[in-house]
C-alpha cells in the first residue's frame, strides 16, 4: 500500500511557483462557490506519519484559501470537557457548517490507531471502532458532506532523517519529544495498523488519498490538487444528487399517499392498548410525590458523585403534559447539575448542520443530567409527517438514532425515553382550557390544532418509532398521562428505578 | 421493540379472502414488471421466533406470485461444500439474478444469533459480524438490489402454546425436536440478541419489518402488503436513481477528462520504478524451475492434507506472459486439486448479477487452489478505463474488493496477487511475434492494440489499485516479466514462500 508513496516524487522550485499560482486561484474560486451555494460542508482530515507534512499542508490550505471560512482543529489529548463525554462528541463539536471547510488534524483515527498499536485493544475491537467511524462518515456523507482523508507518508529512513534534523534545529527542537523516537522504533507496527485503517475505511463516500510526503513542494501541490479534484467532482455529483433526491422524495410522497388511501390493512398501534382510566388519589399522589422526589434527590447526588450522566427524553402529543412532568423532576435536582432543553423548529445555525448536531451539543458532561423536551425523535415524528424530512431521510434516521444512542449508552450514560399519551378527547379539553385561561393562552398555537388533525398519522409514526428504537438499554416508557397525577408519579418512579438499577449494576461490575 | 408485535392483531376469514385477492393481483403484476425490466433483484429474508410463520409466509409468497421466478432457499446446517468456504459464499450462491426474487429463510443472521446466544462469541464479535452483514447488504443495495428483512414475532406464551400443539399433532410432530424446547427456555436471550440485530442492521437500504405472527391470516396479509409497499417504493426510487446515476457518470467522466487535460501534476507511478534488465541465465532457470516445482508440489500436497486453500491472481498488460507463468505453476500441481479460471467480458448470466458474483462462484473449497487469469480487479482496470464501470462504481470497488479479500483471508485462505509487467517496447515485440507465428496468431486481437494506446492510463489505474489494495495479508507482488525466465522463477518462488509461511504460521498457532 504505502510503497506507492516511496517513489521519490519531487517538484522544482520554479515549477512549484507556477503551479502554486494556478492552484491557489482555482481553490479560492471553488471555496467561494461552496460558500455561496451553502448546500453542504467539506471535511478534510490529515493523518499519517510524523514529519510527513500534516501541519504544513494544513497551513498551506489556510494560506491558499480564505481562512475565515475554514474551521481548523488539531486534536490533542482530550480536555476534561471532552473526556467526560462520548468519544464522537468532540468531532461533532468542530464540524464546519454548510458552505465551509473543516480541517481536522489527528482526528478520529488517532485514538484507535494508538490504542491498537499499544495493545490496549485487540484486532476485533480495533475493527469495530473503524466500523463506528465508517458509520459516522456515512452519516455525514448522506447529508451531502464531502469527506476527504489524507494519509501523509514517508519511509522509515526518511522519518529518521527528519527527526534528527528537527532535533538539531534550535528553533524547532522544542517540538520533539521522547515519544517521537519511541514511535519511530514502532514504525512498522504503525504502518501495519495504518494499512488496516485504509483498507477498512476507504469508502466511495469518504476516500483516503495517500500522499508521498518526502518533498515539501511535491506534497503541497499534490494535496492542493487532490482537494481541487475532489471538490470539483463533489460539486458536480452533489448537484445532481440533490436534484434526484427532490424528485424521488416528491414521487415517494405521492406513492405513500396512494398506499395510505388504499388502506389495505392499517394495523392497530401500540398506543391503542393504553389504559386511560389509570389514576391515583390526591393523597396517594402527594405521598408518592414527596417520597419519589426525595428518592430522586438522593440518587441524583450519587450519580453526580460517581460521574455518571443521565438523559431523559420527553415526547408525546401537544398538551400531553411534558412541561409539568419535567418540572416535578427538576424540583428534586441540584440546579448546578442539570439542564432542560426544549426543542422547536431549528434555528438558522442549526439548519446549517446535520440534524443530530444540535442534540450532540447538549450531551451532558460526566455527572450531569440533561432533559430533552422534544428531541432528535422529531426527525421521525413531525419532520416525517410534515415532509421536512424526505422518505429516505426519516427511514434512515432509525439507524442513525440507534447508532447515536448506542454511543451514549456505551459511554455509561443512562438514557430513558418517555412517551406521554392522552386521549384525543382529553387533548381537546386541555386545548379549550388553555383558550380560556389567560396565563395558559400563550401555550396554544395554531400549529397545535393542525397537528391534532393528523392524530392518526402521529400514532402510526410513534408506533413505528417505538418498534425501531425501544431496546433494553434505552427503552421507551409509555405513560398514560390522562390523569396528570398518575403520569407524574409513573415517570418519577421510572426515573428512580432506572438510576437505581444503573448504580447497582455499577456496584456489581466494580 | 417487540412489544409492538404483541397487540393481538387479527383478521377474519371473510376479510382475508377479499384482501388476499387484491394482494395477489397486485403482487403478481409487480413481479411481472420486475421481470420485464430486469434491472435489479429483490432479496427477502425471513428470520424470527420459531412458530411465528417464517415457513408459511414463504409458501404463501410462492403461491401468490409466479414461483418460477422466485429462488427460495432455506439455510440449514452447512453442507461440506459450504463449510469448506468463507461464510458468505453460500449467500452469494443463492442470490437471485436481476428481475427475480430471492427468499432466504434463516439466512445470514442465523449463525451470529445462535453463536451469541450460546456464548460462542462475545458482544464485540457479535457486533463485528453484524457490521459484516451491513457491508454485504450495502454492496447489494448499491447495485440496485432491494433488500427486505422480516422478523416474525410471537410472545413467549404464544410460542409455548404453538409448540405444545405441534407436539400433539400426529402429522406434524416429527418437525419438533429437543432443541425447540431448549430454545423456548432461552426465549428472553434470543429476544435480547434479536433487538441488537434489528438495532444495528435496520438501515435505510435494508430495512427490518417486524410482523406480529400470532394470527396466521393477519401475518399473511401483513407480509404480503409490506412486500407490495416496499416493491412499489423501490420501483419508483430505483428508476429515478438509475437516471441520476447515468447523468452523474456522464458529467463526472467529462470532469475527469477536463482534469486530465489540465494535467497539473501527473505523478510517477510505482510501475516506473521496475527494473526490466533483470534476467537469469538459461542453466540457472532450468535448475531453479526444477527445484521450485518440486518444492511447490510438496507444499501443495501439505496444503491439501491440511485443508488449506489458495488463490493466485494474475493481472498485467496484454502479452505480459500470464498464461505461460500459470502453466509453470500448474505443472507442479495435482490436477484434482486446482482449477484455472480465465476471465474475459462477463456472460449474459454473469451480467445479471453483481460483478463480484462470478468470482465468488470460483472460490475454492478447503484444500484446493484456484488460479485467476484476470480477476475482480478488472473492475478498477478495464472497466474503469473503458467506462463500463461508472466513477462511483470503480471508486467504491476498492472498499468492496478489500472487504471481499478480507473475508477470504479471515477464513484462512492464502491469497497472492501478481502483477506481471513488461516494457512498452517489449509488448510491441511480442505483438509482432504473435502476428507472424501461426500458432500464436489467435492470441492477438484488435482489442490488444486498442488497450496498448491506453498504456499510461492503465499504469495510473494499476498504481492506484496497488495503493488501495496491497496489504500485508494480501500483497501485490510486482514482477518484471521482460525476461520470461526471470519472471517465472520469481513467481514460482513467491508462491512457495507464501505457502511455506502460511504452513509455518499454522504450526505456530496450533
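The residue list B:325, B:310 contains one member that is closer than 25 Å to residue B:459 by Cβ, buried (at least 19 other Cβ atoms within 10 Å of the Cβ) and in contact (Cβ under 8 Å) with a residue 40 or more places away in the chain, which is B:325. The residue that is surrounded by the fewest Cβ atoms within 10 Å (Cβ to Cβ), counting only those in region B:195-209 that are facing chain A (nearest Cβ under 10 Å) and in a helix (DSSP H, G or I), is B:195.
Does residue B:22 satisfy the condition of being buried (at least 22 other Cβ atoms within 10 Å of the Cβ) and either under 34 Å from the mean Cα position of the chain (by Cα) or within 14 Å of chain A (Cβ to nearest Cβ) (or both)?
Values: buried (at least 22 other Cβ atoms within 10 Å of the Cβ): no; either under 34 Å from the mean Cα position of the chain (by Cα) or within 14 Å of chain A (Cβ to nearest Cβ) (or both): yes.
Criteria not met by residue B:22.
For region B:174-185, what are the residues that are in contact (Cβ under 8 Å) with a residue 12 or more places away in the chain and either in a helix (DSSP H, G or I) or out of contact with any helix residue (DSSP H, G or I) (no Cβ under 6 Å at 6 or more places or on another chain) (or both)? Let's see the steps before the verdict.
Filtering region B:174-185 down to residues in contact (Cβ under 8 Å) with a residue 12 or more places away in the chain leaves B:176, B:180-181, B:183-184.
Those that are in contact (Cβ under 8 Å) with a residue 12 or more places away in the chain and either in a helix (DSSP H, G or I) or out of contact with any helix residue (DSSP H, G or I) (no Cβ under 6 Å at 6 or more places or on another chain) (or both): B:180, B:181, B:183, B:184.
Set side by side, the residues B:399, B:462 differ, and just one is outside any loop (DSSP other than H, G, I, E, B), over 18 Å from the mean Cα position of the chain (by Cα) and within 12 Å of chain A (Cβ to nearest Cβ), which is B:462. When residue B:141 is tested against (1) in a helix (DSSP H, G or I); (2) within 22 Å of residue B:114 (Cβ to Cβ); (3) within 33 Å of the chain's Cα centre (by Cα), only condition (2) is not met. For region A:145-173, the set of residues classified as outside any helix (DSSP H, G or I) and at pLDDT 85 or above consists of A:145, A:146, A:147, A:148, A:149, A:150, A:151, A:152, A:153, A:154, A:155, listed by residue number.
For every residue, the table says whether it meets (1) part of a strand (DSSP E or B); (2) over 21 Å from residue B:378 (Cα atoms); (3) assigned by TED's automatic domain parsing to the domain that holds residue B:279.
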{"site": "B:435", "(1), (2), (3)": "no, yes, yes"}
{"site": "B:447", "(1), (2), (3)": "no, no, yes"}
{"site": "B:451", "(1), (2), (3)": "no, no, yes"}
{"site": "B:479", "(1), (2), (3)": "yes, no, yes"}
{"site": "B:487", "(1), (2), (3)": "no, yes, yes"}
{"site": "B:503", "(1), (2), (3)": "no, yes, yes"}
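Does residue A:270 count as within 11 Å of chain B (Cβ to nearest Cβ) and touching a strand residue (DSSP E or B) at 6+ places or on another chain (Cβ under 9 Å)?
Values: within 11 Å of chain B (Cβ to nearest Cβ): yes; touching a strand residue (DSSP E or B) at 6+ places or on another chain (Cβ under 9 Å): yes.
Answer is yes for this residue.
Kindly evaluate residue B:474 against the criterion of being within 21 Å of residue A:192 (Cα to Cα) and in contact with a helix residue (DSSP H, G or I) (Cβ under 6 Å, 6 or more places away or on another chain).
Working: within 21 Å of residue A:192 (Cα to Cα): yes; in contact with a helix residue (DSSP H, G or I) (Cβ under 6 Å, 6 or more places away or on another chain): yes.
Yes, satisfied.
Within region A:225-240, the set of residues being in contact (Cβ under 8 Å) with a residue 40 or more places away in the chain, within 7 Å of chain B (Cβ to nearest Cβ) and surrounded by 19 or more Cβ atoms within 10 Å (Cβ to Cβ) comprises A:225 only. Looking across region A:250-263, the residues that are more than 9 Å from every other protein chain (Cβ to nearest Cβ) and either part of a helix (DSSP H, G or I) or touching a strand residue (DSSP E or B) at 6+ places or on another chain (Cβ under 8 Å) (or both) come down to A:250, A:253, A:257, A:260, A:261. For region B:211-219, the count of residues that are under 32 Å from the mean Cα position of the chain (by Cα), surrounded by 20 or more Cβ atoms within 10 Å (Cβ to Cβ) and assigned to a strand (DSSP E or B) is at least one.
Okay, residues lined up against (1) within 30 Å of residue B:407 (Cβ to Cβ); (2) crowded, with 19+ Cβ neighbours inside 10 Å:
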site: B:431; (1), (2): no, no
site: B:439; (1), (2): no, no
site: B:446; (1), (2): no, no
site: B:453; (1), (2): no, no
site: B:460; (1), (2): yes, no
site: B:463; (1), (2): yes, no
site: B:469; (1), (2): yes, yes
site: B:473; (1), (2): yes, no
site: B:482; (1), (2): no, yes
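All conditions in (1) surrounded by 14 or more Cβ atoms within 10 Å (Cβ to Cβ); (2) out of contact with any helix residue (DSSP H, G or I) (no Cβ under 6 Å at 6 or more places or on another chain); (3) modelled with pLDDT under 90 hold for residue B:1, with the sole exception of (2).
With respect to the stated conditions, residue B:390 is within 14 Å of chain A (Cβ to nearest Cβ), in contact (Cβ under 8 Å) with a residue 40 or more places away in the chain and over 21 Å from residue A:200 (Cβ atoms). Can you say whether residue A:359 is under 16 Å from the mean Cα position of the chain (by Cα), buried (at least 18 other Cβ atoms within 10 Å of the Cβ) and within 14 Å of another protein chain (Cβ to nearest Cβ), as far as the supplied structure shows? So residue A:359 fails the test. One residue stands out in region B:273-302 among those that are surrounded by 14 or more Cβ atoms within 10 Å (Cβ to Cβ) and outside any helix (DSSP H, G or I): the one that is nearest to the other protein chains (Cβ to nearest Cβ), namely B:274. Only one entry in A:93, A:87, A:68, A:127 is touching a helix residue (DSSP H, G or I) at 6+ places or on another chain (Cβ under 8 Å), over 30 Å from residue A:185 (Cβ atoms) and either surrounded by fewer than 20 Cβ atoms within 10 Å (Cβ to Cβ) or at pLDDT below 95 (or both), namely A:93.
The values are calculated or read from the model by the stated rules, or taken from the named source; none is laboratory data. None of these values were measured; they are calculated from a predicted model. Cβ: placed from backbone, ideal geometry, glycine included. Neighbour counts: every protein chain shown.
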